[in-house]
Amino acid sequence: MFARAALLMALGLRPAAGDCPSWGKPFPSNLAGSGKISFASLYDVTYYDQYKVVEYSDTLSFYAASHREASLQGTRIPPMVLYQCGTTKPTTSMPGVPSNARFFEIPVKNATVGWGGPLIFLELLGVSQSIDLIDIRTISSPCMQLLEVCYPETHIPTSLPDWSANPDWTNRASRTDVVFTDSWGSGWGGDATKDVPFEISFDPGSLSRAEWIKFMALFYNEEAQAEHIFEQVKADYNALKAIGDQLRTDASTEYNGAQPKVMFVGQRGSSNAVTNAVYKTQLITDAGAQVVPLPTVAPAGCSFTDNTDGARMMSCDIPAGDAAFRAVLAEADVIIDESSLWPDYDPAKYRGFATIYNVTTDQVPALARNPPNIFRLDGQVSDAFGDGNSVGSSWFDIQQSEPQQTLAGLMEAIWDRDFTSTCGQKYLWRVSDLNAQNVVGHQDCPLYSAQGQNDCQSLHDRLHTPPMCSPGNVFQTMTTTTVQSQEASAACGAGGALALAALVFAPFWGPYFQFHQPAMFARAALLMALGLKPAAGDCPSWGKPFPSNLAGLDKISFANLYDVTYYDQYKVIEYSATLAQYHPSWHPEASLRGTRVPPMVLYQCGTTKPTTSMPGVPSDARFFEIPVKNATVGWGGPLAFIELLGVSQSIDMVDIRTISSPCMQLLEVCYPETHIPTSLPDWSANPEWTNRASRTDVVFTDASGTGWGGDATKDVPFLVSLDPGSLSRAEWIKFMALFYNEEAQAEHIFDQVKADYNALKAVGDQLRTDASTEYNGAQPKVIFVNSGTTNTVANAAYKTQLITDAGAQVVPLPAVAPAGCTFSTNTDGTKTMRCDIPAGDAAFTSFLAEADVIIDESSLWPDYDPAKYRGFATIYNVTADQVPALARNPPNIFRLDGQVSDAFGDGNSQGMSWLDIQQSEPQQALAGLMEAIWDRDFTSTCGQKYLWRVSNPSAQNVVGHQDCPLYSAQGQNDCQSLHGRLHVPPMCSAGNVFEPLETTTTVASQEASVACRVGAALSLAAVLVPFWA
């Protein structure tokens, strides 16, 4: 196949569908059939010998501005070092230990659980013996309710009847080893050094929320158990999702093959709302349905807001927006009503959907259906606690750990008689049946005894079994036997005699225990036999040793951006719910606005195109033959990754006007036909672009339709700009690699970029508290700002991560929006502040006054000419007396357009490297930012590239095709080498050099190479190909 492609190439012919380009690699056999690989950006874990370092991503890294502890409001959540009991507590001089870390000895012995979210994962892992304190009032798990019956001292309410903090709670919590809270301070224990925010509610994915079992497992060395549980949950969820995909177009359902529309709604105060958080829309989509689309423009009486997960919400005032809200309800086939029944969730108090939303059956088809397709979320609740007003809803505690049960129940609600799961309905109840709600109490735990002989001890080591809801699926328990657990068990069984021996001989065993973990666990069991709690340094008998298989491993990242599933000769890519929609307003193709970006099936050239009857192939998938032969590149973001992978030979068309890469500019000189502008001078779409793009195999665009090619079946949104992480944006090289079978190359490049970035980050961590810098050991404050019709704090998550990783801190936003200013939420969930001009000038000036370094993003588009920069003082109406960063000599004011392309065509079109290249090389961006912040105290090996100090206009670097190493001043440009050239990413930490991937030549590539070298003779032989077939 590859040889045949080479023969065609020798004749100057393009490979046809089914043929492979000679430079393409074969399908990666090492990945064939290997299953799903997930990519995400929520927290990182780095394993060292006997400790782990946990760092929250920028998505999760700040306490809420409303946190009950004022000193924590808006501050960064620091990293955590989890070190093995029986070992020495790590110090900041040890590898990877941040200077601002919190330290926790593991496995955790005594935990305070501040809210229901973390609790179910403790139960799933069978480590509830560590629970020292919990407020049981709103907990719905039957066995956790039994825990309070067995051990009443574990329960203390977090608040008093007037909702003020309960001092008994904080006093007791401060004596435990860890307090699991959240960024709002739910269950706050009063001691920040023991605080661990369990940030599951920030995770936008329905399935990935269940993956937070892995976070909890870190504190108990239960990684293997967590992986085992999650893999089964994931398999069950995906099996249900596959059924949903079949039902989506099944003509025998009540929807007659049409895709039903579903929505979540609620009423809060004086408004009705569409509550379409990302995890809910993902559940709807995975159930085989579709989300009721919001209108493009907010209707009268309604307004749009962005949820913390980036989802767009709509709120309609009562009564001004009633008509518009009814119109949205009228589109739904199924409606989930979230109107409040708190605190007792009593169905008898439900006033009815028609009454609550002021609608009739004539207006809302879902209400008119018999029975009505209106459901509520409080299908399972706890029985009343204490005064009878405290009731827990399983949707808020258990549901996040078992998305397969949630999906199954939603599918039963949507598809009714056409689908029944093996685990039944749990979270939803149809509002026409007030008896459908299930009330559970401690008596529903299998360990409960009506005779009062509850099996309390078994509560501790009981693994809660997650439900399996797809046909024929049964949960398989992981069975492990370790030397340590055997010894501990034997020690416990020996009873009083060994307990006495423990007391007598423990002082002599001390040195032995320090170096021998099995003995450490046995000693803990002896202490337990006497009813004593293990002291610091001792291990609980039920705890597992530090996982030796993970010791010394590099960073493991967890994320939620896209999934890839490998089959024999095809791959299925599915965007996560975070990225799954086209922009509702800006996309040039009206029919795509607000719709879901469908899955993609990439199948190997020379193989049969997959069909929807084959494993894992969704019914709405787009199909692409790989390696891609002819690609349209709609904007600069994908281009840098194509160049990094050395596959630019596939580029058939690109608008070069705003591209800053010198070698990609040379591509246009070598092959002028590759350049067509996407738009005409009046900014309307260029029909020549869409005509040509529609003839290529793939068009790399984005969710807003940048470079839209006119054919949705060829559209691949490259959504790097939606990734909130600075380093994880570079990982999008792996996404691009999927289209070229370049996974190994992508992994190799990214690993070196990551290592370089982390080496710089370690330097930043040292500088953070270095008293010899100009900041005298204080942590400098940095801010990105912009000015247009308003002055804006431009603190996207990836920028704040760069600042933090550089060893600095972000200038914190005020807790309350000052006069003339408003808060809004970025698409990545970060809070930003806009100040009107001039009403908010005073507030914005006081904010600028806090910064040691300021990055000014005010626009110089389209030519980025430093001579046109009006000066920071003029743009923001400030003086050096007001802004210390401006008063400094030289001023600590920088801009992002430090490298731009030379002018193209009319002289007004220039590319800016921050917008195209920067996302692929965060190590260079971090190094430059560190140089800007630390000045004489830090110099990188790759120099400044993206930033320039505004006091030096000549610092901007203008690059053109003549700066590509393959350019020849004599006009003999090495154009052919452009195609196979791997762009070498810069390495910016001391002593680091990029190492190219050494590849083993495959049989196919050998055949292609031979075929190409033979040349003219084999060109003639190519004519005979039809006879050889």
(request) Rounded to the nearest 0.05, what FRET efficiency do Ser458 and Gln246 give with R0 = 45 Å and r taken as the Cβ-Cβ distance? Could you check? (result) 0.65
(request) Enumerate the amide H contacts of Arg102 below 5 Å, restricted to partners 5 or more residues apart or on another chain; note that Pro and chain-start residues carry no placed amide H. (result) Met80, Val81
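Could you list the trypsin sites (Lys or Arg not before Pro) in the range 920-973 that lie in coil according to DSSP, counting only those with at most 15 other Cβ atoms within 10 Å of their Cβ?
Sparse-neighbourhood loop trypsin sites (Lys or Arg not before Pro): none present.
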(request) May I ask you to sort Lys349, Lys214 by Cβ crowding, counting other Cβ atoms within 10 Å and putting the fewest first? (result) Lys349, Lys214
(request) Return the distance in nm (one decimal) between the two label points of a simple spin-label model at Thr612 and Ala354, each offset 7 Å from Cα along Cα→Cβ. (result) 3.8 nm
(request) For Trp861 and Ala955, calculate 0.36 nm times their separation in residues minus their Cα-Cα distance, and state this gained length in nm to one decimal. (result) 32.1 nm
(request) Can you tell me the FRET efficiency between Thr822 and Glu673 if r is taken as the Cβ-Cβ distance and R0 is 60 Å, rounded to the nearest 0.05? (result) 0.80
(request) For Lys261, go through the aspartates and glutamates and keep the ones whose alpha-carbon is under 13 Å away, minus same-chain ones fewer than eight residues off. (result) Asp286, Glu331, Asp333
(request) Using the charge dipole of the range 764-965 (Lys, Arg: +1 at Cβ; Asp, Glu: -1 at Cβ; taken about the Cα centre), state which of Ser901, Gln956, Ile855 has its Cα farthest towards the positive end. (result) Ile855
(request) Provide the net charge surrounding Ile398, with neighbours chosen by a C-beta distance below 13 Å and charges set as Lys +1, Arg +1, Asp -1, Glu -1. (result) -3
(request) Please report Cys975, Cys663 as a ranked list, fewest other C-beta atoms within 10 angstrom at the top and most at the bottom. (result) Cys975, Cys663
(request) On a C-alpha basis, how far is the centre of the range 633-654 from the centre of the range 170-247 in Å? Whole number, if you could? (result) 39 Å
(request) Apply the Karplus parameterisation 6.51 cos²θ - 1.76 cosθ + 1.60, with θ equal to phi minus 60°, to every residue of the range 295-300 and state each ³J(HN,Hα) to the nearest whole Hz, in sequence, with x for glycine and proline. (result) x, 5, 10, 4, x, 4
(request) Can you figure out the FRET efficiency of Thr874 with Ala839, using R₀ = 25 Å and their beta-carbon distance, to the nearest 0.05? (result) 0.85
(request) Report the GluC sites (Glu not before Pro) located in the range 201-254 that are in a DSSP loop and have at most 16 other Cβ atoms inside 10 Å of their Cβ, or state none. (result) Glu254
(request) Sort Val113, Val785 so that the residue with the fewest other Cβ atoms within 10 Å of its own Cβ comes first and the one with the most comes last. (result) Val785, Val113
(request) Compute the signed sum of charges (Lys and Arg +1, Asp and Glu -1) over the other residues within less than 9 Å, Cβ to Cβ, of Ser913. (result) -1
(request) Give the residue from Ser174, Phe230, Val149 lying farthest towards the positive end of the charge dipole for the range 133-266; charges sit on Cβ (+1 for Lys and Arg, -1 for Asp and Glu) and the dipole is referred to the Cα centre. (result) Phe230
(request) Between Glu747 and Thr91, with labels modelled 7 Å along Cα→Cβ, what's the label distance in nm to one decimal, could you check? (result) 3.8 nm
(request) Would you work out if the range 256-459 is rounded, prolate or oblate? Take a ≥ b ≥ c from the square roots of the eigenvalues of the alpha-carbon gyration tensor; rounded if a/c is under 1.5, else prolate when a/b is larger than b/c, oblate otherwise. (result) prolate
(message) Please give the charge dipole size of the range 764-965, origin at the Cα centre, charges +1 on K and R Cβ atoms and -1 on D and E Cβ atoms. Round to the nearest 20 debye.
(response) 340 debye
(request) Pop a pseudo-label 7 angstrom from the Cα along the beta-carbon direction at both Asp444 and Trp342 and give the gap in nm to one decimal. (result) 2.1 nm
(request) For the range 85-169, give the magnitude of the charge dipole about the Cα centre (Cβ charges: +1 Lys/Arg, -1 Asp/Glu; no others), in debye to the nearest 20. (result) 360 debye
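Here, each number is a calculation from the coordinates, and none is a lab measurement. Because the structure is a prediction, the values reported are computed rather than measured. FYI the Cβ positions are ideal-geometry reconstructions off the backbone, even for glycines, and counts take in every protein chain you see.
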